[in-house]
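One structure, pasted below without further comment.
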Amino acid sequence: MTTETPTVHASTVLAGARAVLIRGPAGSGKSRLALGIIAAAQTGLLRFACLVADDRVHLEPCHGRLLARPAAALAGMIEMRGIGIRRLEHEPVAVVGLVVDLAADDAERLPAASEAVVSGLRLPRLAVAAGVEPLPLVLAALAESAGDIKPRS
C-alpha cells in the first residue's frame, strides 16, 4: 500500500465484487448511504457488502482499475450521525466499480448513462440530486451492473 497517495473526502463500500465510491459535500449523507448498503446485505438484499472507508479514502489507479483504501487512522470506523463513531469490519482494499455523487447539481430525473473520470480512469457514475433518497437508486444500479442483488425466490 502506498500511504503517500492523497485522500479524498468520500466513503467506500464493497458491494459484491466491486466497490461503490460515495462522494458529496459535508452532510450530504455519504456515511448514511454506506450504512444503508451494508444493511441491505445484512437483510439479504445484496449478496455481500462491507465497509472499505468512511470520510477519507485513498484512491490509486493500478493496471486500469481504481483501488480504494481507508486512511490508516480511520480504518474500520464510520460516523453514525446522532450516535457517534462506530467500529465495523472493513476491507483493506477494493476495486471501485461505481461512483455515486450525492447532492449533484447535474442530477437528472431521467438520466442517460454517465461516467466519472477519477484518477484518469472512466467509471460508471450515478448522480443523485439533493433531497432524493439514494439507496434505492444505488441498489438499482448495482442490480444492472453485476448481479449483486439477490434474486427473489
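Could you say whether any residue in the range 129-148 is hydrophobic (A, V, I, L, M, F, W, C), within 16 Å of the chain's Cα centre (by Cα) and either loosely packed, with under 12 Cβ neighbours inside 10 Å or in a strand (DSSP E or B) (or both)?
No, the range 129-148 has no match at all.
Residues of the range 1-59 being surrounded by fewer than 24 Cβ atoms within 10 Å (Cβ to Cβ), free of Cβ contacts under 8 Å to residues at least 40 places away in the same chain and under 23 Å from Ala104 (Cα atoms), which ones?
Listed by number, the residues that qualify are Ala26, Gly27.
Could you tell me which of the residues Ala116, Ala40 is of a type outside the set (Val, Ile, Thr) and either farther than 13 Å from Ile22 by Cα or at pLDDT 95 or above (or both)?
Ala40
Still on this model: Which one of Glu108, Glu115 is among the acidic types (Asp, Glu) and either part of a strand (DSSP E or B) or free of Cβ contacts under 8 Å to residues at least 12 places away in the same chain (or both)?
Exactly one residue qualifies, and that residue is Glu115.
The values are calculated or read from the model by the stated rules, or taken from the named source; none is laboratory data. Please read all numbers here as calculations on a predicted model, not as lab measurements. Cβ: placed from backbone, ideal geometry, glycine included. Neighbour counts: every protein chain shown.
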